[in-house]
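Structure first, then comments.
The values are calculated or read from the model by the stated rules, or taken from the named source; none is laboratory data. Keep in mind that this is a model prediction, so the values were computed, not measured. Positions of Cβ are backbone-derived with ideal geometry, glycine not excepted, and every protein chain shown enters the neighbour counts.
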Amino acid sequence: MTAPAAVEAMPAAERGAGVHTQKLGMWVFLVSEVMFFTALIGSYIILRWGRSSPWPEPRTVLAIPVTALNTFILICSSVSMVKAYAAAVRDDQKHLKRWLLTTVVGGATFVGVQAREYMHLIAKGFLPSSGLFGATFYTMTGFHGFHVTCGVISMIWVTIRAFRGKYAGGKYQGVETIGLYWHFVDLVWIILFTIVYLI
Amino acid sequence: MEAAEHNAPNYVAVWAALAVLTMVELAVVYLGLPRRLTVISLIFLALWKALLVALYFMHLKFEPKRLLYVVLAPLPLALILVFTVIHGFRTP
């Protein structure tokens with residue numbers, strides 16, 4: 001496949017960084033997000049391994065199989081996102097819409113399962129006030145869930161735009177930009193799932 | 001050929017790898033290996049998965065070098081952030 005016309009038609013100012021400005025902007029934002037999540041994960045590591053009181057085994061508090069399935073759902077939505085991007089690049093509007101819708105459903109399912117998990121945990125008496133583990137668990141997964149929620153809302157907007165034909169004719173940059181955010185949120189979850197649930 | 005690879009890596013293969021790695025993670029947790037080995041394996045698997053997402057789904061493998069530097073820049077800073085705080089926490 002050859003590079004779409006839009007890349008060749010890129011204004012000279014956008015050639016400096018070698019990528020279109022929307023993408024560069026998203027990456028710079030994601031880089032700041034790396035620092036944000038590092039602060040959360042770093043605090044967790046320090047609080048957990050630097051403590052003097054015992055830390056509950058996550059496995060005994062959290063439902064690992066359900067969350068593993070939810071992790072898998074998020075990974076699947078990342079694949080559908082990348083499929084949507086590939087469809088946008090080859091100007092395949094039908095598949096673009098279909099894969100974007102799949103991604104919205106996947107992301108919304110993830111948030112739904114997480115909300116159910118919270119309700120279940122709260123009913124069991126595991127609250128943000130339940131010691132350091134409760135506080136850090138809800139802070140980290142809560143901030144991540146907030147990111148996914150923002151992603152789903154943005155993705156709905158992008159899907160509406162796709163249905164209006166805004167990404168037709170090689171104008172796929174918007175899809176690529178939201179895709180980068182989406183994959184980043186997936187990437188963060190891969191790390192969080194391991195650190196908070198499995199270890 | 002290069003352009004074709006650039007535009008469409010085998011996403012289904014990456015997806016399958018991520019699914020398998022997630023199952024391996026679960027196996028490691030329930031296998032009851034020594035604690036230290038479990039932790040090291042899980043961190044290794046998580047980084048492997050994260051790398052797959054960044055390289056293929058986020059297309060870092062196919063981006064210009066300059067963008068790669070932008071992306072890699074915060075990683076040493078992130079490590080410094082964590083190690084400095086650990087150091088401050090340990091020192092009375």
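Just so you know, in the range B:13-55 the residues that are within 8 Å of chain A (Cβ to nearest Cβ) and among the hydroxyl-bearing types (S, T, Y) include one that is nearest to A:L24 (Cα to Cα), and it is B:T22. Among residues of the range B:60-80 that are at the interface with chain A (Cβ under 10 Å from one of its Cβ atoms) and touching a residue at least 24 places away in the same chain (Cβ under 8 Å), none has a Cβ under 8 angstrom from a residue that is part of a helix (DSSP H, G or I) and acidic (D, E) at a sequence gap of 6+ or on a separate chain. Criterion applied to A:R48, A:R116 was being without any contact (Cβ under 8 Å) to a residue 60 or more places away in the chain, over 30 Å from B:V70 (Cα atoms), assigned to a helix (DSSP H, G or I) and of a type in the set (K, R), and the one residue passing it is A:R116.
Here's the yes/no breakdown for (1) modelled with pLDDT under 95; (2) hydroxyl-bearing (S, T, Y):
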site: A:V89; (1), (2): yes, no
site: A:A115; (1), (2): no, no
site: A:M119; (1), (2): no, no
site: A:L127; (1), (2): yes, no
site: A:L132; (1), (2): yes, no
site: A:Y167; (1), (2): yes, yes
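Scanning the range A:54-69 for residues that are in contact (Cβ under 8 Å) with a residue 40 or more places away in the chain and more than 11 Å from chain B (Cβ to nearest Cβ) yields A:W55, A:P56, A:V61, A:L62, A:A63, A:V66.
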